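The values are calculated or read from the model by the stated rules, or taken from the named source; none is laboratory data. Fair warning: this is a prediction, and the values are worked out from it, not measured in the lab. Note that we place each Cβ from the backbone using ideal geometry, even for glycine, and neighbour counts take in every protein chain shown. Heavy atoms of the whole protein, side chains included, go into the accessibility calculation; ligands, DNA and RNA do not. Shrake-Rupley method; radii C 1.70, N 1.55, O 1.52, S 1.80 Å.
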Amino acid sequence: MGAAGPSGPVMDRDEVDRALARLGAEHEAIETSLLALQDHAGRRLLEGAELTGTTRERWTATEASISLLWTYFDAYADALRSARDVRSRRRWPNRDDLVELTELLRGECVTVAGSAAATASAPTMAGTGKLSERFTLVELVERMNELYAKSLDMVVAADAVWSALPARIDLLAAELQRTRQLAHSVGVRPGEHPAGDDLERITRTLTSLREQVVSDPLAFWRPAQGSSAPGGGRPDTTRYDREARALEDVRREIDAVLSVRQDAEARLVKLRDTLSRADRTLAEARSARGEVLAKIAASEVPAVSGPPTALQEQLATAAEYRRHAQWHRLSPLLESLEQKAEDELLRARESLTAVTAPLAVRAELRGRLDAYKAKVARHGLAEDPLLVERYDAARRMLWSAPCDLRVAEQAVLRYQHAAADLLVPKVPGPASNGGPQDRKGPLA
């Protein structure tokens, strides 16, 4: 190690040789990286694209950075070549050679010249007003690494977006076109069905989205948090995903319309049958109401409404939709009609039950009276005068018209009580007058 010079201690031969080997390896690595960046597909696409927005601004700066990178690299190569020339003068360099090599390898011996216009967008000499800068070889390598990382990050990000989104948008657009054709075949059209309007909106959105992705890919890039590696991040697919979900919803709607087309006739037949059963049940309820009013006295019988004409009109409309293949209109109408028809049938059955309730009560009283008569007959008490009298009274009330159910029920109860008194045996027991005492069993 010799005396110190402007660039520090003078290097010896071994230090010079090691520095030259290291700088030579760095030269090869930098050259390989620059050539790879020059041939990068993303850079070629950026170079020929009509860019807008953020991508245009960053590409202008990146182009200047790449141009400056090559300027730096050429200056670096020239300085390294000069150092190698000095080292090759003699096998054992003298002091003057070592001093010169030390200055070349460690000193600010690299001057990079350029116009202010050429470097205005680059992140180096911009705004300094300088037309040249001086570097050591180490500083120059650091500067090139910094410029290379920023340039590569921009190129990789744009290429990642272009590789991911346009192709996916094209696939979705193709699916959209098939869905539109299918929708048109079943009558789902804009202005006539909400799904048709959705298809139009999705078409416009995808067209606009693709144009934006192609012209400004960096607007759809989300850098990874805390990552300093070039290209760290991912394409932002939020808008694409939203439209893909919307198209899936439309496709399900069209599938529902298609299923309507396939089983529309069967569903219409079932609807007609349900409404027909409801009409028959209401007719039976009206007939039963007349019978109840004629045969049952002092009973409030609910009124029976007529058949629902609105449902019949909607059913006719549904049939008309089917004849004209208006499946998109038939689908919601059938769903509504099916629920209303079931409700109507249930209402008719409830009306019939409510109307015939007095007849059911009369039938139950008749059955109870005959059951007790059969029971007393089995015990040989059918000719009992009291039972005969009460049975005849109850029977006249139950088989006469109009029948007063409240009075008839009391008559049946009196017959039951009389029968119970006769069917339960009398046993002796303590009494104040010493006579026998009746004991009524559960039939009482």
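Here are a few things to note about the model shown:
- Test: residue in the stretch 352-363 that is open to solvent by less than 70 Å² (accessible area, probe 1.4 Å), touching a Leu at 6+ places or on another chain (Cβ under 7 Å) and modelled with pLDDT of 85 or more: no
So that you can scan it fast, the table gives a plain yes or no per residue for (1) assigned to a helix (DSSP H, G or I); (2) at pLDDT 95 or above; (3) open to solvent by less than 30 Å² (accessible area, probe 1.4 Å):
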site: MET154; (1), (2), (3): yes, no, yes
site: ASP159; (1), (2), (3): yes, no, no
site: TRP162; (1), (2), (3): yes, no, no
site: LEU165; (1), (2), (3): yes, no, yes
site: LEU182; (1), (2), (3): yes, no, no
site: GLY187; (1), (2), (3): no, no, yes
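- Looking only at residues in the stretch 298-310 that are over 19 Å from GLU335 (Cα atoms) and free of Cβ contacts under 8 Å to residues at least 40 places away in the same chain, the one that is surrounded by the most Cβ atoms within 10 Å (Cβ to Cβ) is PRO307.
- Checklist (1) in a helix (DSSP H, G or I); (2) within 37 Å of the chain's Cα centre (by Cα); (3) surrounded by 13 or more Cβ atoms within 10 Å (Cβ to Cβ) applied to GLU313, failing item: (3)
- Some residue of the stretch 198-214 being at pLDDT below 95, surrounded by 12 or more Cβ atoms within 10 Å (Cβ to Cβ) and touching a His at 6+ places or on another chain (Cβ under 9 Å): no
- Of all residues in the stretch 11-32, those being open to solvent by 40 Å² or more (accessible area, probe 1.4 Å) and touching a residue at least 60 places away in the same chain (Cβ under 8 Å) number 4.
- Filter result for GLU192 (open to solvent by 40 Å² or more (accessible area, probe 1.4 Å) and touching a residue at least 60 places away in the same chain (Cβ under 8 Å)): yes
- Restricted to the stretch 94-114, and to residues there that are open to solvent by 60 Å² or more (accessible area, probe 1.4 Å) and within 16 Å of LEU68 (Cα to Cα), the residue that is modelled with the lowest pLDDT is ALA113.
- Pairs with Cβ under 8 Å, 6+ apart, first in the stretch 62-75 and open to solvent by less than 20 Å² (accessible area, probe 1.4 Å), second of a type in the set (D, E, K, R): THR62/LYS150; SER65/LYS150; ILE66/ARG43; TYR72/ARG143; PHE73/GLU31
- Residue in the stretch 55-78 that is touching a helix residue (DSSP H, G or I) at 6+ places or on another chain (Cβ under 9 Å) and farther than 23 Å from ASP153 by Cβ present: yes
- Residues in the stretch 36-50 that are among the hydrophobic types (A, V, I, L, M, F, W, C) and either exposed (fewer than 14 other Cβ atoms within 10 Å of the Cβ) or touching a Leu at 6+ places or on another chain (Cβ under 9 Å) (or both): 3 in all.
- Residue satisfying condition, being over 19 Å from THR32 (Cβ atoms), out of contact with any Phe, Trp or Tyr (no Cβ under 6 Å at 6 or more places or on another chain) and not in a loop (DSSP other than H, G, I, E, B), within set LEU80, LEU68, LEU105: LEU105
- Inclusion of ALA264 among residues that are in contact with a Phe, Trp or Tyr (Cβ under 9 Å, 6 or more places away or on another chain), assigned to a helix (DSSP H, G or I) and buried (at least 17 other Cβ atoms within 10 Å of the Cβ) is warranted.
- From the list ASP404, ASP343, ASP392, the lone residue that is touching a strand residue (DSSP E or B) at 6+ places or on another chain (Cβ under 9 Å) and acidic (Asp, Glu) is ASP404.
- Considering (1) under 18 Å from PHE135 (Cα atoms); (2) not in a helix (DSSP H, G or I), the lone condition that ASP74 does not fulfil carries the number (2).
- Count of residues meeting criterion [among the hydrophobic types (A, V, I, L, M, F, W, C) and more than 12 Å from PRO223 (Cβ to Cβ)] in the stretch 140-160: 8
- Against the conditions (1) under 23 Å from ARG168 (Cβ atoms); (2) open to solvent by 60 Å² or more (accessible area, probe 1.4 Å); (3) not in a strand (DSSP E or B), ILE254 satisfies every one except (2).
- Criterion violated by LYS295 - all others in (1) open to solvent by 40 Å² or more (accessible area, probe 1.4 Å); (2) charged (D, E, K, R); (3) at pLDDT 85 or above satisfied: (3)
- Residue within the stretch 12-19 that is at pLDDT below 90 and in a loop (DSSP other than H, G, I, E, B) present: yes
- Just one of (1) touching a Gly at 6+ places or on another chain (Cβ under 9 Å); (2) outside any helix (DSSP H, G or I) fails for HIS328. It is (2).
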